[in-house]
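Heads up, the thing below is written out as structure tokens.
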Amino acid sequence: MSEQRIPRIIQGGMGVGISSWRLARTVSMEGELGVISGTAVALTLARKIMERVDEEDVNRALDAFPFPKMVERIRAKYAPSTDEQFNKDRFKGVPMPTIEYSKDLLELTVVACFVEVYMAKYGHDGLVGMNLLEKIVTPTLSSLYGALLAGVDYILMGAGIPIRIPQVLDELSQNKDSSLPVKVADDETGEIVYSRFSPTAFAEGENLPKLKRPKFLAIVSSAPLALHLHRSQYGSPDGFVVEMPIAGGHNAPPRGKMQLNENGEPIYGIRDEVDFQAIQNIGLPFYLAGGYGSREQYVMATNLGASGIQVGTAFAFCEESGMEKSLKQRIIEAVKKGLGRVRTDPLASPTGFPFKVVEIEGTNGIHETAEKRQRICDLGYLREAYRKENGNIGYRCPSEPVDDYVKKGGKIEETVGRRCLCNGLVSTLGLGQKRRNGTEEIPIVTAGDDLKFVLRFLKPGQLSYTAKDVLNILLGKDLKTTT
Ligand SMILES: Cc1cc2nc3c(=O)[nH]c(=O)nc-3n(C[C@H](O)[C@H](O)[C@H](O)COP(=O)(O)O)c2cc1C
């Protein structure tokens, strides 16, 4: 396939690990844009190595990494040795993200993104993208570099304003040093703190490979934001994904003061409506996302001038997604019975963005279950940096133990209703941590408001479907089953 071809369908990047290399590869091999999620893959790679998940594939990708000494160090640290009884009861800790990464975490992050992209691209020449969240800044540069080493074709980023990414991609793809400012709360010093990455320092004197500059699609929720990014001094994105608030995952908050409906969900109004004509006037390719998982919506999107659609929910529950199989089945069965409501929770995410959760028994999508979880913060992807009284930088998360958060200067009201998305989302993959007290982290599942429509992909008598089933319906190749 020509690299110039513009895909019609983007399989959305879904963290943590839902958009696995297996899902992205399948979509990519069908000629559309398969996207892996780059969020927290350092952690999931370490746990997969510990549990020998996808061992053959992971090893193939690790063996292809250009700096073998780093892979040796990762294997030495995380791979269960054959002569030692590997303790399967608990996962070994992985360093938590901070502004200055430890060498361990830096290598693990670059390698993990390389592995995901490498595997998604393995054995074909289709297009593969990687999705990152702008709000999670500190892993961004090392994640991008890992994806670049594996020849990623697209980077997609939303959940914030990814204004510097075009420049960062220019720099990193030329093996130049790059940096991104990190927001530090409670900071009155006026000093700008940067997350930095140097390809030369990373490679420890080894030759740096020649890299391709991938395209960048910014995920936005309004025309003014798209225009702002387009006119930025740091360079323009190559296109946009315009995401509506019924999409799965995090949503942009409503414009103006947050108002809630009788179920406690954010109300979106006329000010949140997107001016598609203004987006089209920018003149770059754009995709519509959020409730576009049907043939009719695809046609509607293209009629509005879009190059295609980005779809998440429909792919999240297909066979190739990273979600643990029995959980996936349980949700599909529940949806069949009219259960599995999707709630837009204004508080659940420590980021402060509304986050959609599926209300399904046995998960932290059920309020009472979630409230019973003993708070612990040991993964740390959603921690914010803050300035301590002594001038040093500390890290805190509103879903960590309340006393700890308050001791770090956080406001107690910020902790109400917060969920540990790090542990919950990793558990959704079947990689949840077992605690010393005998409990185990349980999943939290996110999906779009359109969850009920996944039933349209099921063939009669079946409880699962493939990514190809989804693509066939979206592209009108299987019109019989389209609803
Ligand atoms: C399970 C799940 C996880 C998601 N995680 C992310 C994410 O990490 N980053 C992101 O930009 N979008 C994320 N999304 C949004 C999707 O990439 C996509 O834009 C969205 O799902 C499209 O709307 P739909 O859910 O109605 O198909 C997620 C969506 C789902 C369903």
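If I stretch the segment between E368 and K336 completely, what's the gain in nm (0.36 nm per residue apart, minus their alpha carbon distance), one decimal?
Details: separation 32, 0.36 × 32 = 11.52 nm, distance 2.36 nm.
Stretched fully, the E368-K336 segment lengthens by 9.2 nm.
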Notebook entry, point to check: Highest mean first, what order results for 18-25, 90-97, 227-234, 381-388 on Cβ atoms within 10 Å?
Noted result: 18-25, 381-388, 90-97, 227-234
Item checked: Long-range amide H partners of R341 with built H, under 5 Å -> E359
Next item on the list: Would you be so kind as to identify which of V41, P66, P80 lies farthest towards the positive end of the dipole of region 26-108, taking Lys and Arg as +1 and Asp and Glu as -1 on Cβ and the Cα centre as origin?
Entry: P80
Notebook entry, point to check: Just going by the charge dipole of the chain, with Lys and Arg at +1 and Asp and Glu at -1 on Cβ, which of L458, P253, V53 is farthest out on the positive end?
Noted result: L458
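Highest mean first, what order results for 111-118, 263-270 on Cβ atoms within 10 Å? Provide the component values of the computation, followed by the final result.
Details: 111-118: 28.1, 263-270: 13.1.
Per-residue Cβ counts within 10 Å, averaged per peptide and sorted highest first, yield 111-118, 263-270.
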Next item on the list: Scale the Cα Rg of region 12-119 by the rule-of-thumb value 2.2 N^0.38 Å and send over the ratio, two decimals.
Entry: 1.08
Next item on the list: Once every Cα of region 319-477 carries one equal point scatterer and solvent is ignored, give the base-10 log of I(q)/I(0) from the Debye formula at q = 0.08, 0.09, 0.10, 0.12 Å⁻¹, two decimals.
Entry: -0.29, -0.36, -0.44, -0.60
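Which translational diffusion coefficient, to the nearest whole µm²/s, is obtained for the chain from the Stokes-Einstein equation, given a Kirkwood hydrodynamic radius over C-alpha pairs, 25 °C and 0.890 mPa s? Mind showing how you got there, number by number?
Values: Rh = 22.8 Å.
The calculation lands on 108 µm²/s.
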Check: Can you pick out the pairs among K92/K452; K69/K121; K121/K210; K77/K411 whose Cα atoms lie more than 27 Å from each other?
Finding: K92/K452; K77/K411
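With an 8 Å cut-off on Cα pairs and a minimum separation of 6 or more residues, tell me the relative contact order of region 381-483 in percent. It would help to have the intermediate numbers written out before the result.
On the way: 93 pairs, mean separation 13.5, N = 103.
Over region 381-483, the number comes to 13 percent.
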Next item on the list: Apply the Karplus parameterisation 6.51 cos²θ - 1.76 cosθ + 1.60, with θ equal to phi minus 60°, to every residue of region 275-288 and state each ³J(HN,Hα) to the nearest whole Hz, in sequence, with x for glycine and proline.
Entry: 8, 5, 4, 5, 5, 4, 4, 4, x, 10, x, 9, 10, 9
Next item on the list: Enter the Cα centre distance for the pair region 404-483 and region 57-75, rounded to the nearest angstrom.
Entry: 30
Check: Residue by residue, what Karplus-based ³J(HN,Hα) values in Hz, rounded to whole numbers, does region 166-178 have, using 6.51, -1.76 and 1.60 with θ = phi - 60° and x for Gly and Pro?
Finding: x, 5, 4, 5, 4, 5, 5, 6, 9, 6, 9, 4, 9
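Explain nothing, just the number: dipole magnitude of the chain about its Cα centre with +1 on each Lys and Arg Cβ and -1 on each Asp and Glu Cβ, in debye rounded to the nearest 20. Write down the numbers at each step before the final one.
Working: 60 positive and 60 negative charges, 97 e Å.
Around 460 debye, computed over the chain.
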Notebook entry, point to check: Which three extents, in whole angstrom, do the alpha-carbon atoms of region 350-441 cover along their principal axes, largest first?
Noted result: 44, 29, 20
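How high is the relative contact order of the chain, in percent, counting Cα pairs under 8 Å that sit 6 or more residues apart?
On the way: 970 pairs, mean separation 76.2, N = 483.
Relative contact order of the chain: 16 percent.
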Check: Put +1 on the Cβ of each Lys and Arg and -1 on the Cβ of each Asp and Glu in region 297-447; which of A301, G409, G340 then has its Cα farthest toward the positive end of the dipole?
Finding: G409
Check: Of the listed peptides 326-339, 32-45, what is their order by residue-averaged count of other C-beta atoms within 10 Å, with the highest listed first?
Finding: 32-45, 326-339
Checklist line | Phi to ³J(HN,Hα) by Karplus 6.51 cos²θ - 1.76 cosθ + 1.60 over region 47-58, Hz, x for Gly, Pro | finding: 5, 5, 4, 4, 9, 6, 6, 6, 4, 5, 5, 4
Next item on the list: Whole Å is fine, so just give me how far the alpha carbon centre of region 1-51 lies from that of region 310-333.
Entry: 14
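Any read-out appearing in this document is the output of simple, stated calculations on the displayed coordinates, not a laboratory observation. These numbers were taken from a predicted model, which means no experiment stands behind them. Please note: Cβ atoms are built from the backbone with ideal geometry, for glycine as well, and neighbour counts cover all protein chains shown.
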